[in-house]
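Okay, so here's the structure we're looking at.
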């Protein structure tokens, strides 16, 4: 009997070793074009919080080919790790928060994967984003408008010798000279100028102790409550004076915003907020029709002696698609305004500031001008699709392993979507591009406000050019303070439609009779190589 028992034990051990060998073979034999992140918790289960000790290796070879058995040339050291996220924490592919640490367990600021040195990092899962691109695309668009957005890299991840798929390795939102670059608020900064910054706060899930309640309900929703969450410094790192200051500043802004003279260009809301950041945040959130953009994971920051600034952007895995929520986000024709999300009765309420800001004609028109100006350049279809194509090339091989691990192609997982799901990765990319095209077409035809035009010669603001008539039907006239060497006209998709070189003239006439009606970007270059860009409208 004993011999039979021993025999069975030996058979089991041989089988187990065979399985382990196959498992090791699966992770050791592949070569990836993406950086490879390898985490070893030494047998411990990763909790929601607090972070546990683990070791991390990062392989990022200069030749672009990375293997499990390669030397960890990017990082080989200690970390703290925990699960992160709200809804995403429940996905089979788990997102993580990571803290790089030294041998003593203290924070270790170090540059990783081309990102500036810090110690707080995130690994965002892609279970809810079969393209792997939605977050990075949102970040890069906001950055292209001149603002900080989290830097991120696509990586493949192995945890405790088990392949976990493609993740987004990136920066956590926090105050830092290379992240949200505002003053560091110290414990003794409790009066005067030092008290005025820097603060990062947000709209998000909240508790009674980490947030404050706004005295104002959102416009059109008097039964809604709005809570602001202390983010950095955290609620338990702020003194009572500091909490009172940022709460009172935001309340003063809201009192002004909802008051009768809110749109006064001298004494109105412009004294409290950086309007360009609010406009750009709106544009990126609406291009992506981000379900979370105005109600959750919505960040603001304030520097010393500064105004409230919108951003950074965050959390786009529920964006860039038609999701099975309320009418705004279900629409398949590209329609809907994300900033009106309170009409959907969300769990976390939006403050509704954008609703009120659009009561101001100047703000509306600035938004329109900014949108169409950037649509002709960094927000053109071509620029956006170029970003998508470059990321596609990075993951073209890795995506096969990811979808072998997570068999979700063709399945409606994560945020439930409207319509059939593509059966291939290429189909997911095509669906994303088609969605963006439809959305941008709708925004081009429905953008809030109007951009002012001139019918008679007036100097374009700060440019040194007179451009008239604008709008035009057949001819655009240009008067320049200095000789112009050349000009180009681009449509809103970024395509060059007209070009003139070797002009060396201060008075120029352009025949635009063959151009389709619409808005265009006119780029002028003088003989010194200085360029200026103006919008023209063809009727």
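Values in this text are rule-based calculations from the coordinates and carry no lab data. This is a predicted model, so every value here is computed, not measured. Reconstructed Cβ throughout: ideal geometry from the backbone, glycine too, with neighbour counts over all protein chains shown.
For segment 34-82, just the Cα atoms, rotate onto the principal axes and tell me the three extents in Å, largest first.
Dimensions of segment 34-82 along the principal axes of its Cα atoms: 37, 15, 14 Å.
What Kirkwood hydrodynamic radius do you get for segment 285-395 when you take the inverse of the mean 1/r over all pairs of distinct Cα atoms, in Å?
Answer for segment 285-395: a Kirkwood hydrodynamic radius of 15.9 Å.
As a footprinting exposure proxy, order 133, 391 by other Cβ within 10 Å, with the fewest listed first.
Ascending Cβ contact count within 10 Å gives the list 391, 133.
Would you mind computing Rg(Cα) / (2.2 N^0.38 Å) for segment 12-171, counting N as its residues?
Working: Rg = 16.2 Å, N = 160, 2.2 N^0.38 = 15.1 Å.
Working it through for segment 12-171, the quotient is 1.07.
Kirkwood Rh and Cα-based Rg: tell me the resulting Rg over Rh for the chain, rounded to two decimals.
With Rg and the Kirkwood Rh in hand, the quotient comes to 1.02.
Using the C-alpha atoms of segment 359-407, what convex hull volume per residue, in cubic angstrom, is computed?
104 Å³
How tilted is helix 361-375 with respect to the longest principal axis of the chain? Cα atoms for both, answer in degrees (0 to 90, nearest 10).
Around 70 degrees separate the two axes.
Arranged by the count of other C-beta atoms within 10 angstrom, fewest first, what order do 309, 239, 45 take?
45, 239, 309
So how many Å³ per residue does the convex hull of the Cα atoms of segment 87-151 work out to?
So the per-residue Cα hull volume is 117 Å³.
Provide the packing ranking of 67-74, 226-233, i.e. peptides ordered by the mean count of other C-beta atoms within 10 Å per residue, highest first.
Output ranking for 67-74, 226-233: 226-233, 67-74.
Hey, what's the Cα Rg ratio for segment 106-239 versus the globular rule of thumb, 2.2 N^0.38 Å?
Details: Rg = 18.1 Å, N = 134, 2.2 N^0.38 = 14.1 Å.
This ratio for segment 106-239 stands at 1.28.
Give the angle, between 0 and 90 degrees and rounded to the nearest 10, that separates the Cα long axis of helix 134-144 from the longest principal axis of the Cα atoms of the chain.
Its long axis makes an angle of about 40 degrees.
Please report, in whole Å, how far the alpha carbons of segment 190-261 spread along each principal axis, starting with the longest.
Its Cα atoms span 35, 30, 15 Å along the three principal axes.
Which value in Å does the Kirkwood hydrodynamic radius of segment 465-538 take, with 1/r averaged over all unlike C-alpha pairs and then inverted?
Every distinct Cα pair counted, the radius reaches 12.2 Å.
Between helix 275-287 and the chain, what is the angle of the helix's C-alpha long axis to the longest principal axis, kept within 0 to 90° and rounded to the nearest 10?
With rounding to tens, the tilt is 60 degrees.
Return the calculated 222 nm mean residue ellipticity for the chain, to the nearest 500 deg cm²/dmol, obtained by summing -39500 (n - 2.57) across DSSP H runs with n ≥ 4 and dividing by the residue count.
After summing the helix terms and dividing by the residues of the chain, the value is -8000 deg cm²/dmol.
When the Kirkwood hydrodynamic radius is evaluated over all pairs of different C-alpha atoms of segment 173-321, what value in angstrom, to one decimal, is obtained?
16.1 Å
List residues of segment 75-96, by number, whose backbone nitrogen lies under 14 Å from a label position 7 Å along Cα→C-beta of residue 107.
Hits in segment 75-96 for residue 107 at 14 Å: 80.
State the Cα centre-to-centre distance between segment 54-105 and segment 281-299 in whole Å.
28 Å
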